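S.K.: Structure incoming, see below.
The values are calculated or read from the model by the stated rules, or taken from the named source; none is laboratory data. In this text, all values refer to a predicted model and were calculated from it rather than measured experimentally. Reconstructed Cβ throughout: ideal geometry from the backbone, glycine too, with neighbour counts over all protein chains shown. We work out accessible area using only protein heavy atoms, side chains counted, and drop any ligands, DNA or RNA first. Shrake-Rupley method; radii C 1.70, N 1.55, O 1.52, S 1.80 Å.
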Amino acid sequence: MNNIMQAYANLHQVDLEFQFDNEHERDFDQQQIQQCLINLYKNGIEAMKEKGGILQIHVLGLTDRIEITIKDSGVGMTHVEMASIGKPYYSTKKEGTGLGMVMVYSTIDKLGGQIIVESDKDSGTTFTLAIPVQ
């Protein structure tokens, strides 16, 4: 997955930074999780396509959960936009359908996890996926 996203990031003048600090194991559908991450990476990269930037990905194993944080330095979202993320057919992109984020929310919900979104207009967005360890 890293090679696929690296090429897409390069196309948009975005650098990828990965940190991996996790030793937990968790059973899950690898293809679904991979698609979730691709959707979030792609959205972050596209949010920075006008001026480039850095997409930071950090996987952290805590006592009771795995946290995956994806942070961009892109256009950000308003509180109204954040409240609608994950709803079918809602997108902040002109050509977007919102279905990628529906899939992300559905998959994380099936794992008993939660998604925390932090964003300010013109200051970037951070998605944190908190997935419990079984």
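S.K.: Residue separation times 0.36 nm, minus the C-alpha to C-alpha distance between Asp21 and Lys110: what's the value?
M.R.: Taking 0.36 nm per residue and subtracting the Cα distance, the gain is 29.7 nm.
S.K.: Which whole-Hz couplings ³J(HN,Hα) result when phi for each residue of segment 95-101 is put into the Karplus expression 6.51 cos²θ - 1.76 cosθ + 1.60, θ = phi - 60°, listed in order with x for Gly and Pro?
M.R.: So the J values, rounded to whole Hz, are 8, x, 9, x, 6, x, 6.
S.K.: Under 8 Å for C-alpha pairs, at least 6 residues apart: give me the relative contact order for the chain, rounded to a whole percent.
M.R.: 25 percent
S.K.: While we're here: Taking square-rooted eigenvalues a ≥ b ≥ c of the alpha carbon gyration tensor, is segment 8-88 rounded, prolate or oblate, where a/c under 1.5 means rounded and, failing that, a/b exceeding b/c means prolate?
M.R.: Here segment 8-88 falls in the prolate category.
S.K.: What part of the accessible area of the chain, given as a whole %, is carbon or sulfur when the probe is 1.4 angstrom?
M.R.: 49 percent
S.K.: Here's another thing I want to ask about it. Quick one: Debye curve from the alpha-carbon atoms of segment 56-134 only, equal weights, vacuum; give me log10 I(q)/I(0) at q = 0.12, 0.21 Å⁻¹ to two decimals.
M.R.: Evaluating at q = 0.12, 0.21 Å⁻¹ gives log10 I(q)/I(0) of -0.36, -1.01.
S.K.: Need one number: nm distance between label points at Glu50 and Met82, each 7 Å from Cα along Cα→Cβ, rounded to one decimal.
M.R.: Spacing of the two 7 Å Cα→Cβ label points: 2.0 nm.
S.K.: Could you check the simple spin-label distance between Asp64 and Val133, using points 7 Å along Cα→Cβ, in nm with one decimal?
M.R.: The answer from the label model is 1.3 nm.
S.K.: Can you give the helix-only mean residue ellipticity at 222 nm for the chain, where every DSSP H stretch with n ≥ 4 adds -39500 (n - 2.57) and the sum goes over all residues, rounded to the nearest 500 deg cm²/dmol?
M.R.: -10500 deg cm²/dmol
S.K.: Any lysines with Cα under 26 Å of the Lys49 Cα? List them, leaving off those in the same chain fewer than 8 positions away.
M.R.: Lys71, Lys87, Lys93, Lys94, Lys121
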